[in-house]
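Chemist: Right, I'll just put the structure down here and ask away after.
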Amino acid sequence: MVKDEKEIANRPDNTAFTQQRLPAWQPMLSAGIVIPGFVLIGLAFIGIGVALFVTSRSITVLEIDYTGIEKDSACFKCSNADVKNCVCNLVFSIDSLFEGPVFFYYGLSNYFQNYRKYAASRDDEQLSGDLDAFTAPSDRCSPYDYNSNDKPIVPCGAIANSMFNDTFVLYRVVNGANKLVPLDGKGIAWWTDYNVKFRNPSVTPLKNAFNNTVKPIFWPNPAYQLDTSDPANNGFINQDFLVWMRRAALPDFRKLYRRITDGEYAKGLPAGNYSLTIAYNYPVQSFDGRKKVVFSNVSWMGGKNEFLGIAYLVVGSLCVLMSIVMLIVYAKFKFPEED
Amino acid sequence: MLRRTLNRWLGRDERRVDSRSICVGHRSSSNNEAFIPPKFCDNRIVSSKYTVWNFLPKNLFEQFRRIANFYFLIIFLVQVIVDTPTSPVTSGLPLFFVITVTAIKQGYEDWLRHKADNEVNKYPVTVLEQGRRVRKESEKIKVGDVLEVDEDETFPCDLILLQSSRDDDTCFVTTASLDGESNHKTHYTVPDTEKDLESLNATIECEQPQPDLYKFVGRMHIYKADQEPAVRSLGPENLLLKGSTLKNTQTICGVAIYTGMETKMALNYQGKSQKRSAVEKSINAFLLVYLCILVSKALVCTTLKYVWQNKPGQDEPWYNEKTQREKDTNLYLKMFTDFLSFMVLFNFIIPVSMYVTVEMQKFLGSFFITWDKDFFDPEIKEGALVNTSDLNEELGQVEYVFTDKTGTLTQNNMEFIECCIDGFQYKYQDAGTDLDGFCVTDGPANKVQHKAGREKEELFLRALCLCHTVQVKESPEQGQGQRDGLMDQVDGLGVDGKGLHPPPQEQRGFIASSPDEVALVKGAMRYGFTFLGFESKTMKILTRDNDVERYELLHVLNFDPVRRRMSVIVRSKSGDTLLFCKGADSSIFPRVRQEEVERIRMNVERNATEGYRTLCVAYKYLNAEEYAQADAGLREARLALQDREEKLMAVYNQVETGMSLIGATAVEDRLQEEAAETMEALQGAGMKVWVLTGDKMETAKSTCYACRLFQRNTELLELTVRTLEDGGRRREERLHELLVEYHKKAVQDAPPVKAGVTRAWSSANHDYGFIIDGATLSMVLNSSSESNSSRYKNLFLQICQNCTSVLCCRMAPLQKAQIVKMVKNSKGSPITLSIGDGANDVSMILEAHVGIGIKGKEGRQAVRNSDYAIPKLKHLKKLLLAHGHLYYVRIAHLVQYFFYKNLCFILPQFLYQFFCGYSQQPLYDAAYLTMYNICFTSMPILAYSLLEQHICMEVLLDNATLYRGIAKNGMLRWGPFFYWTLLGVFHGLLFFFGVRYLFGNPALQDNGQVFGNWSYGTIVFTVLVFTVTLKLALDTRHWTWINHFVIWGSLAFYVFFSFFWGGIIWPFLKQQRLYFVFANMLSSVSAWLVIILLILLSLLPEILLVVFRKPRGPHAGQLSQEGLLQTARLHLSHHLPIST
């Protein structure tokens, strides 16, 4: 009895796990699998690469720098920081139909929206309409939290304060006359930002919520006057504001300004001459920045991006090449797996 | 009065150093009125480390003493104090997790210890107080208490035996829980003490507590009214140790002398040195490299930041003004905080979770050893035992194996083979033809019986029957005896006895600490002389003529490994005093009359070459005068408090002289199962096997041949006393000459060995075996002149390193450790492994990198001191070749992978600094930073490091050479480390710049909307998580369902978590950075495409490498079915009838 018990107590469990004998799949990366695999992957990548490349090629992009550093630039007169409320006209022509829908971006370079202090300088509670945060902005907004009279700034922080404020009006020059091209300011920001993340305080009229607060120092108008024509685009849910608040990843970036989708321009911008009237407000010279406007149409892969197509083509060819090299090596050395 | 007290104080101060005084029963003697009872510790055993109150501070302190934890604490504190890019949570949470898990584990272990302590401390004991028996809790025992202990109880503290219920003033004890020896040991009461403990008035003077279980010296002063105090010597035979159990004795009384933490048992549990594995050292080296990378990254970033800021307009653009405080801060302070911030930002490069994972891997992994049913031995009904899990991987790195012979290579299951009496050989045969069991196997015909004369024969057999410390296993009732017989180590008489002489008792066994002695007594019994046992101090033997002879046992001169012999002094009925001595030939021959030696020496040497263990037996008559002198000397030496050992030794040596040699015995010790196969496998695996034994050279050599450590074509280089004396010159000169000669032969003339291929395989013709003995070794190690000593040592080492096997015989235990130490510290510091089963192997087990104990017959001391214990030698093969190999591969991969995955985790973050104005902007969200190492990538590698079998176990066992592929820390050298680092850098660059070029146009959605910086980070992070997980998947050769579960589960968890984390506005977060970032990312085709592209591109070189590398080098670790098939085919092509 005693003996049996002892034996049972001490004898290790004879299970597959304890004996390290769990059934296992032991994949072998043999040439027989790898070579066809590489060929397949390579072909697939080349296919995708060709599609991407062709698509990217078909996307039209029109990029115009309007910083006005060069003397012959239309906006040269505005580049002087002392000139206030400067307006300049950029004239350009399109040779053939600019297929629609056309997206209108503005671009900034050498602008560090990803600077750490800058990135943190916002108060998401304010922006979600929390009135408590209106009177006491987060100290992360410093030095953009209170103005010199100790009044809270709403919306506080460096990001909001530095919101891009050049405005553009596009005209099509038809027989010497300027014909306004309607720009659609909806749908330029993320749906979730517009509908969930950013909220105006539920106070009507909106202006009352901003009592005892001041507008950001750089802003010409307070937040409740960002778009007085459309209450659904005013305050914190102004789409230009939302676009600006989604900080760019790199110092050279572009942001969506408007879409051209209306009426006769839904098919695109017809060939012809265009005039872009720019209210030049945003100073960039002090930090060697550049400003530009970009017209582009998009495809299923987004905007024009040659890199992806080329990368796919290169990797795909590499795979095929490798499989050929492998085949040669294997044929030459006659590895046992191949018999 | 004052002076006396003063004296006593002074005296006691002196004495405190080396001895203590105890009043038996706290009765101070009359002339001791001013005796102040000294303070001893109480009998509480405290093995626990913490109490409820000090657990938190003490445990935290201990944990933060580890350098890694301390580092993370510093990082955390920097994050709290300085304005850093990441919140303190990112490093605080993992640290908290690690600390908590460790604290819980240690707390639980301590709780278990508390429970065990309590069980011991609250155990009820009986204390005799003023004649009354009082029940007390064990922890209340004080030094000087007189205790009563019943049968089968364990002793609650170290006791001096005062009284036993047995008539012969002895008691029996097993020390199974102390050293594992289950035989009954006899202990004696202090001679001539009062039977009435009530009136006993005595003090005990004894040494201060010391951990040696087998040493004790003390003195007892017994005060009787109107008499001079009597003095009795106390030795280990009077001492009952805490932890041992009373057997076969109803009750005993004893006085407590050592209590609580001062008991020998408690002292023995302390201070086992921590061994550290080579892998751990590699980790630390790598850690240093990564620390350098970290610091240089932070330095580069800090420098560039200030260079960059020097350009006008960059430092403080209008859109990002500084606060007043920032403007006021001192520039250098700013630089310093920037440096710290960068450190914090990049600190994830040193993986906090690696330590946890490594420890978990080791802890959980060691279970596979205990669970392995191949290690289960049905005989002792035990499996393998893991005493430390820190050295698992070291088992895969062993280069030198030091093995004991007796009990390790051989079974230590002794069988009496033959004896030689007066030069005539007697061989026992089973056949019943010769009733006396004597028959002739060689030599002149028909001197059938009494070859050596009846007189001599009987003297020899009497000597065998008397000269031992064997006890007869008592079996008062048959039934009980049966049970005991099964439980204890008993050599039943069984069949061999029956045919010859009907044994007087049906059930009888002999108990002895050495199996040789049992074999000898049993051997004597075959020839008709049966040892019947003790009757108080009288030994009874049954002679051939069925007479019972009685001998009074006067003295036992115990065996010790230095003297290598033992003696008894007995007085026969007729009044003759005889000394019988048995021992190794080398220790007996010089002490007997030389003319007798030659005839027997021949036999002894022949027996030894056959692999038998030989002992020589000698005797001498002591006349009354001689005996009186010896008796006095022995008694005096036994009473000595100081240097008792030395004094005893001197007396022993003096008594054991001028004896006459009667004969010699040969006992066979059979080889362990599969000893030869195991040794062959170890050699095939590139290990050098050294046999270290205390045995004779001839015996050991034959064992080596039997184990195939020496092959027939092995050229033996012998460096022993015999070869030294050959030339007839001074030993020193000869030693020098031989060393140089052997060195020339084995080292200089040997063809250069290619790295990784040892000579056992490459050049079978030049196979050398080296033999050295203890005396010569000590000459080599302790040569007279300093310069020679190191030179000899060097020569010796070089010779040994070029020999396939080395045999060191006649070794003292300490010499064994010396050799291990010498090899351990030699060039290249090879990993050593010692394996042994007995107390004499403990020193080398402790000395070697890995100590293996065999659960043999010589007690459990080796097992207790070992790192791993296995039941049989044959298990060593699987332990090293399969388990060790796998553990090493697993942990090496684990370590490299951890560094790799953190490098490619943090490199993009570093690169991002170049694009964000060196502003310490983190690339990834805090949640990702925190969870990366804890959740997303930890489980697959843990599962891998527990389950991976890159080559299956059978193949590993069949192809011992595979073991060489990972020798010398092969997977953790700088080469592989560099490769992994390069891979990490490559992946990091790829992740970052791949996404960077994608973001050349951030309008990545088909609705023209743009992605921001968190999308950027999330894409990089997604590529990262998938790539490192799939990289591991690519390395996994053994996919069990667990691997599938954790690898795919981790990826699924990452996706699920990202949705979840981005799907809710978290009220506790100040910034909703990731809100719908992940979902938006997935809505972009370009993001998908770039993720797939980058993952594939990262893994492409890896796949190519796997494919290309496989068919080349034999060590690619890819030998699997194909490889085997190939060899099989090869065999077929040679027309060998081998089927697979």
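The values are calculated or read from the model by the stated rules, or taken from the named source; none is laboratory data. The structure displayed is predicted, hence computed values, not measured ones. No Cβ is skipped: glycine too gets one built from the backbone with ideal geometry, and neighbour counts run over all protein chains shown.
Chemist: Is it the case, given these coordinates, that residue A:291 is charged (D, E, K, R), away from every other protein chain (no Cβ under 13 Å) and crowded, with 20+ Cβ neighbours inside 10 Å?
Modeler: On the way: charged (D, E, K, R): yes; away from every other protein chain (no Cβ under 13 Å): yes; crowded, with 20+ Cβ neighbours inside 10 Å: yes.
Yes.
Chemist: Continuing with the same structure: Hey, any hits in the stretch B:50-64 for a residue that's buried (at least 16 other Cβ atoms within 10 Å of the Cβ) and at pLDDT below 80?
Modeler: no
Chemist: May I pose another question? Does residue B:755 qualify as being among the small types (Gly, Ala, Ser) and modelled with pLDDT under 75? Please lay out each step first, then the result.
Modeler: Values: among the small types (Gly, Ala, Ser): yes; modelled with pLDDT under 75: yes.
For residue B:755, the condition - among the small types (Gly, Ala, Ser) and modelled with pLDDT under 75 - is met.
Chemist: Something else: Is it the case that residue A:85 is at positive phi and within 13 Å of another protein chain (Cβ to nearest Cβ)?
Modeler: no
Chemist: With the condition kept exactly as written, say whether any residue in the stretch A:303-324 is crowded, with 19+ Cβ neighbours inside 10 Å, of a type in the set (A, V, I, L, M) and under 16 Å from the mean Cα position of the chain (by Cα).
Modeler: no
Chemist: A follow-up question, please. Yes or no: the stretch B:1075-1083 includes at least one residue that is more than 8 Å from chain A (Cβ to nearest Cβ), in contact (Cβ under 8 Å) with a residue 60 or more places away in the chain, within 28 Å of residue A:55 (Cβ to Cβ) and part of a loop (DSSP other than H, G, I, E, B).
Modeler: Checked the stretch B:1075-1083: at least one residue is more than 8 Å from chain A (Cβ to nearest Cβ), in contact (Cβ under 8 Å) with a residue 60 or more places away in the chain, within 28 Å of residue A:55 (Cβ to Cβ) and part of a loop (DSSP other than H, G, I, E, B).
Chemist: Restricting to the stretch B:131-170, count the residues that are assigned to a loop (DSSP other than H, G, I, E, B) and within 14 Å of residue B:253 (Cβ to Cβ).
Modeler: 12
Chemist: Follow-up question, since we're still on this one. Which of the residues that make up the stretch B:947-961 are surrounded by fewer than 21 Cβ atoms within 10 Å (Cβ to Cβ) and part of a helix (DSSP H, G or I)?
Modeler: Answer for the stretch B:947-961, where residues must be surrounded by fewer than 21 Cβ atoms within 10 Å (Cβ to Cβ) and part of a helix (DSSP H, G or I): B:953, B:954, B:955, B:957, B:958, B:960, B:961.
Chemist: Identify, from the list A:73, A:96, the residue that is more than 30 Å from residue B:918 (Cα to Cα), modelled with pLDDT of 90 or more and not in a strand (DSSP E or B).
Modeler: Selected residue: A:96, the only one of A:73, A:96 that is more than 30 Å from residue B:918 (Cα to Cα), modelled with pLDDT of 90 or more and not in a strand (DSSP E or B).
Chemist: Exactly one condition in (1) surrounded by fewer than 22 Cβ atoms within 10 Å (Cβ to Cβ); (2) away from chain B (no Cβ under 11 Å) is false for residue A:140; which is it?
Modeler: (2)
Chemist: Quickly run through the stretch B:82-123 and pick out the residues that are part of a loop (DSSP other than H, G, I, E, B), of a type outside the set (A, V, I, L, M, F, W, C) and touching a residue at least 24 places away in the same chain (Cβ under 8 Å).
Modeler: Initial filter on the stretch B:82-123 (part of a loop (DSSP other than H, G, I, E, B)): B:82-87, B:122-123.
Then keep just the ones that are of a type outside the set (A, V, I, L, M, F, W, C); that gives B:83-87, B:122-123.
B:83, B:84, B:85, B:86, B:87, B:123, listed by residue number.
Chemist: Could you tell me whether any residue of the stretch B:981-992 is within 13 Å of another protein chain (Cβ to nearest Cβ) and under 30 Å from residue A:159 (Cβ atoms)?
Modeler: There is at least one residue in the stretch B:981-992 that is within 13 Å of another protein chain (Cβ to nearest Cβ) and under 30 Å from residue A:159 (Cβ atoms).
Chemist: Looking at the stretch B:68-81, is at least one residue modelled with pLDDT under 85 and either part of a loop (DSSP other than H, G, I, E, B) or in contact with a Lys or Arg (Cβ under 9 Å, 6 or more places away or on another chain) (or both)?
Modeler: Among the residues of the stretch B:68-81, not one is modelled with pLDDT under 85 and either part of a loop (DSSP other than H, G, I, E, B) or in contact with a Lys or Arg (Cβ under 9 Å, 6 or more places away or on another chain) (or both), which makes the answer no.
Chemist: Does at least one position in the stretch A:249-267 carry a residue that is modelled with pLDDT of 90 or more, of a type in the set (D, E, K, R) and in a helix (DSSP H, G or I)?
Modeler: No, every residue in the stretch A:249-267 fails to be modelled with pLDDT of 90 or more, of a type in the set (D, E, K, R) and in a helix (DSSP H, G or I).
Chemist: A follow-up question, please. Only one of B:377, B:338 is touching a Gly at 6+ places or on another chain (Cβ under 9 Å), in contact (Cβ under 8 Å) with a residue 60 or more places away in the chain and within 14 Å of chain A (Cβ to nearest Cβ); which?
Modeler: The match here is B:377.
Chemist: Going through the stretch B:993-1014 one residue at a time, which ones are at the interface with chain A (Cβ under 7 Å from one of its Cβ atoms), part of a helix (DSSP H, G or I) and crowded, with 24+ Cβ neighbours inside 10 Å?
Modeler: Matches in the stretch B:993-1014: B:998, B:1013.
Chemist: Please go through the stretch B:129-164 and pick out each residue that is acidic (Asp, Glu) and crowded, with 20+ Cβ neighbours inside 10 Å.
Modeler: Listed by number, the residues that qualify are B:139, B:145, B:158.
Chemist: Among the candidates B:888, B:932, single out the residue that is under 22 Å from residue B:281 (Cα atoms), of a type outside the set (A, V, I, L, M, F, W, C) and at pLDDT 90 or above.
Modeler: Numbers: B:932 fails: under 22 Å from residue B:281 (Cα atoms).
So the residue among B:888, B:932 that is under 22 Å from residue B:281 (Cα atoms), of a type outside the set (A, V, I, L, M, F, W, C) and at pLDDT 90 or above is B:888.
Chemist: Also: Would you pick out the residues in the stretch B:309-330 that are assigned to a helix (DSSP H, G or I) and within 28 Å of residue A:156 (Cα to Cα)?
Modeler: B:309, B:324, B:325, B:326, B:327, B:328
Chemist: Just the residues that are more than 7 Å from chain B (Cβ to nearest Cβ) and at pLDDT 80 or above, please, taken from the stretch A:1-22. I'd like the intermediate steps shown before the answer.
Modeler: Pass one, the stretch A:1-22, residues more than 7 Å from chain B (Cβ to nearest Cβ): A:1-2, A:4-5, A:8-9, A:15-17, A:21.
The answer is A:15, A:16, A:17, A:21.
Chemist: List the pairs whose first member sits in the stretch A:111-131 and is more than 7 Å from chain B (Cβ to nearest Cβ), whose second member is assigned to a helix (DSSP H, G or I) and small (Gly, Ala, Ser), and whose Cβ atoms are under 6 Å apart, counting only residues at least 6 apart or on separate chains?
Modeler: A:121/A:158; A:123/A:133; A:125/A:133; A:126/A:133
Chemist: Next question, about the same structure. Only one of (1) surrounded by fewer than 22 Cβ atoms within 10 Å (Cβ to Cβ); (2) within 14 Å of another protein chain (Cβ to nearest Cβ); (3) out of contact with any Leu (no Cβ under 8 Å at 6 or more places or on another chain) fails for residue A:252. Which number is that?
Modeler: (3)
Chemist: Do you know which residues across the stretch B:380-397 are part of a loop (DSSP other than H, G, I, E, B) and in contact (Cβ under 8 Å) with a residue 12 or more places away in the chain?
Modeler: Hits for the stretch B:380-397 are B:380, B:383, B:384, B:387, B:388, B:389, B:390, B:391, B:397.
Chemist: Inside the stretch B:697-727, can you point out the residues that are in a loop (DSSP other than H, G, I, E, B) and surrounded by fewer than 23 Cβ atoms within 10 Å (Cβ to Cβ)?
Modeler: Result: B:708, B:711, B:712, B:713, B:714, B:720, B:727.
Chemist: While we're here: Scan the strands (runs of 3 or more DSSP E) fully inside the stretch B:779-859 and keep the ones with 3 or more residues being in contact with a helix residue (DSSP H, G or I) (Cβ under 6 Å, 6 or more places away or on another chain) and either within 24 Å of residue B:721 (Cβ to Cβ) or of a type in the set (A, V, I, L, M) (or both).
Modeler: B:805-809
Chemist: Which count do you get for residues in the stretch B:276-308 that are out of contact with any helix residue (DSSP H, G or I) (no Cβ under 7 Å at 6 or more places or on another chain), charged (D, E, K, R) and outside any loop (DSSP other than H, G, I, E, B)?
Modeler: 2
Chemist: Could you check residue B:332 against (1) crowded, with 19+ Cβ neighbours inside 10 Å; (2) at pLDDT 90 or above; (3) more than 20 Å from residue B:75 (Cβ to Cβ); (4) away from chain A (no Cβ under 14 Å) and say which number it fails?
Modeler: Condition not satisfied by residue B:332: (1).
Chemist: Condition (residue is at the interface with chain B (Cβ under 8 Å from one of its Cβ atoms), over 30 Å from residue A:199 (Cβ atoms), of a type in the set (Ser, Thr, Tyr) and part of a helix (DSSP H, G or I)) applied to the stretch A:300-319: is it met by at least one residue?
Modeler: Yes, there is a match, as at least one residue in the stretch A:300-319 is at the interface with chain B (Cβ under 8 Å from one of its Cβ atoms), over 30 Å from residue A:199 (Cβ atoms), of a type in the set (Ser, Thr, Tyr) and part of a helix (DSSP H, G or I).
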